[in-house]
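The values are calculated or read from the model by the stated rules, or taken from the named source; none is laboratory data. Just so we're clear, the structure is a prediction, and the values are computed from it rather than from any experiment. Cβ: placed from backbone, ideal geometry, glycine included. Neighbour counts: every protein chain shown. Ligands, DNA and RNA are stripped out before the accessible areas are found, and what is left, the full protein with its side chains, is counted by its heavy atoms. Shrake-Rupley method; radii C 1.70, N 1.55, O 1.52, S 1.80 Å.
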Amino acid sequence: MVARWQLGGKIPKLLVAAASVAAVLLTAAILFETRWTPSSDAQTWVSAGVRVVMSAMSEKGGIPLATVPNPGDRLLGGLLSPDFDDSSCLSRYRASLYRQASLHALSPHLVSALRRYESLHRLCAPGTPAYARAVERLRAASPNASAGDGADPSGARCNYLVWTPNAGLGNRILSIASGFLYALLTDRVLLLHSGSRHDLDGLFCEPFPGSTWILPEKDLPGQEGLGIRTNESLGNTLRRGEALGGAPWLYVHLLHNYYAQDKLFFCDDVQAELARVPWLVFQADNYFVPALFLIPRHERELARMFPRRDAVFHHLGRYLFHPSNTVWGMVTRYHGSSYFAQADERVGIQVRVFKWAPISTDELYGQILSCAQHENILPGVSVPTRANTAAVGSGTQAPAKRKAVVVVSLYNEYSEKLGELYHEHGGVAGGEAVSVFQPTHLGEQRFGDRQQDQKALAEMVLLSFADVLVTTGVSTFGYVSQGLAGLRPWVLMAPNHGKAPDTPCRLAPTIEPCFHSPPNYDCRAKASGDTGRMVRHIRHCEDFPQGVQLLQS
């Protein structure tokens, strides 16, 4: 670690001027997205801490369709509910103070949808009478368990979507966000089954006021061992030619190895039948949000929720994923140790090496340095003269800019090499003081290790505080950080036969994650199709051409 300045614990200044400029730009960028009729309650949830950047006229006057939160608004323009005790989750209302102000348009329709969902969740969550009756009917597995019969004397109608864990933390976060959006669209209550190892314990705060999103282990339909061969899976049920509507529950297999029948989940006619199934249990290792935008019955609602299609995870991630107080303590310690607190510019570099894309440490370090210097993310270095070395040593020549670099990797070689490079130049290069810090270097990824997951989450959040991001292509870890930050990262491109590519990195076209395993099925034609060529706002990913991602077309 290279440290060349003394810091306090001040929270970084918010970019007020940048937010104002972005509001003007957003007005021009999204005015053509006014094809829908605004909902009557669109004004209900507009926070006082927003600027309207898009509106539509109605009999009652102007109705805001998109807003940008004012810097310092603890509720993020109404995205967050005010109905929480601050001390129960320190990160909920504080994390945004460490980040750049969000410049991404927020729809009041999404905000009102979140408030309605919170009411539904509070009514149907574990521990409520409605939930107890739903579980009782599920266990009885009687014909009366079919959907719509979730209604009880209280008037509650509770249908559920149960998430089950798979893959690493980044994949889990992305699949939870995808599941939550599906729950919003289908009036289901999202519950998380953390598995027998209780992998999610100690990671996140509860996102919904007055209720829990954790499913009691004993209540999971099918218990353990769900997979592509599960008899009650959607794919296998369709393969047998059975009707879906009479099932008390179904398993939806959305992992990368899903079959053709499993992919029919994204077809409108199948969605119509699934609406009658009270319990859906799903497993995914992907960010499948882009495919939801291809389901006709959801097009209008998604357009109203997201006037900017390229900010779906940005909004949902900031709404759902609040680090627990334990993890937040790690984040704030890392923040102070990394010199982010008083830096003029904060740079996050996320490094991941995949077995299917081998590259030597020296090659990858050279690629990182080439990217960072060529794109003016880090200053170039030159041989220091006796005069400027003396000036830096005596403190008489203050650097023009203080730049703090956080490197996140399982290995420490990259941060050490960067630190040594700038240390050799007195920590100053090109008039910029450069400090390099790495919070952890665990050596290997261990799935289901709670302490490692807590550290990984803390690092994801720390990266989201950066002003500039460099990430590794295809990495879900990087996707989460860029989404929370609301930044288009510079993406390190995959090696070519073990060598760094001629173009070391490219600026991502969107902040949206890549859906690595799209269905590639045309539901209307009932034939194979290219998901990345069906609509103009879904295109193939630059970092993983087989995948697709949302763009603001």
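Figures for the structure shown
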quantity: 24 Å Cα-Cα threshold exceeded, pairs from LYS417/LYS499; LYS403/LYS499; LYS218/LYS263; LYS355/LYS499; calculated: LYS403/LYS499; LYS218/LYS263
quantity: Net charge, LEU255 excluded, C-beta distance under 10 Å - Lys, Arg +1, Asp, Glu -1; calculated: -2
quantity: Accessible surface of the range 252-330, 1.4 Å probe, proportion on carbon and sulfur as whole %; calculated: 49
quantity: Gyration tensor verdict on the range 265-305 (Cα atoms; rounded if a/c is under 1.5, prolate if a/b is larger than b/c, oblate otherwise); calculated: oblate
quantity: Rounded accessible area of HIS441 (nearest 10 Å², 1.4 Å probe); calculated: 100
quantity: Heavy-atom surface of the range 175-217, accessible at 1.4 Å and reported per residue (Å²); calculated: 25
quantity: Those aspartates and glutamates that a straight Cα-Cα span of less than 15 Å connects to LYS526, excepting residues fewer than 8 apart in one chain; calculated: ASP262, ASP268, ASP269
quantity: Sequence-distant residues sharing a close amide H with VAL281 (under 5 Å, placed H); calculated: VAL162, LEU250, TYR251, VAL252
quantity: Packing-based order for 402-415, 516-529, 326-339, using average beta carbon neighbours within 10 Å, highest first; calculated: 402-415, 326-339, 516-529
quantity: Spin-label model distance (nm) - ARG94 vs VAL381, 7 Å beyond Cα toward Cβ; calculated: 3.6
quantity: Projected label distance in nm at ASP522 and ARG74, using a 7 Å step from Cα toward the beta-carbon; calculated: 5.3
quantity: Where MET460, MET493 fall by accessible area, highest first, once all protein chains stay in place (1.4 Å); calculated: MET493, MET460
quantity: Net lengthening on full extension, SER337/THR503 (0.36 nm per residue, minus Cα-Cα); calculated: 56.5 nm
quantity: Burial order of peptide ranges 227-233, 133-139 (average beta-carbon count within 10 Å, highest first); calculated: 133-139, 227-233
quantity: Rounded accessible area per residue of the range 466-553, 1.4 Å, Å²; calculated: 41
quantity: Alpha-carbon centroid distance for the pair the range 241-266 / the range 442-491, whole angstrom; calculated: 31
quantity: Distance-filtered residues of the range 448-478 - backbone nitrogen under 20 Å, label point 7 angstrom along HIS256 Cα→Cβ; calculated: 448-449, 471-478
quantity: Solvent-accessible area, 1.4 Å probe, carbon plus sulfur percent, for the range 409-545; calculated: 47
quantity: Label-reachable residues, the range 250-264, where backbone N falls under 12 Å from a point 7 Å from GLU232's Cα toward its Cβ; calculated: 250-252
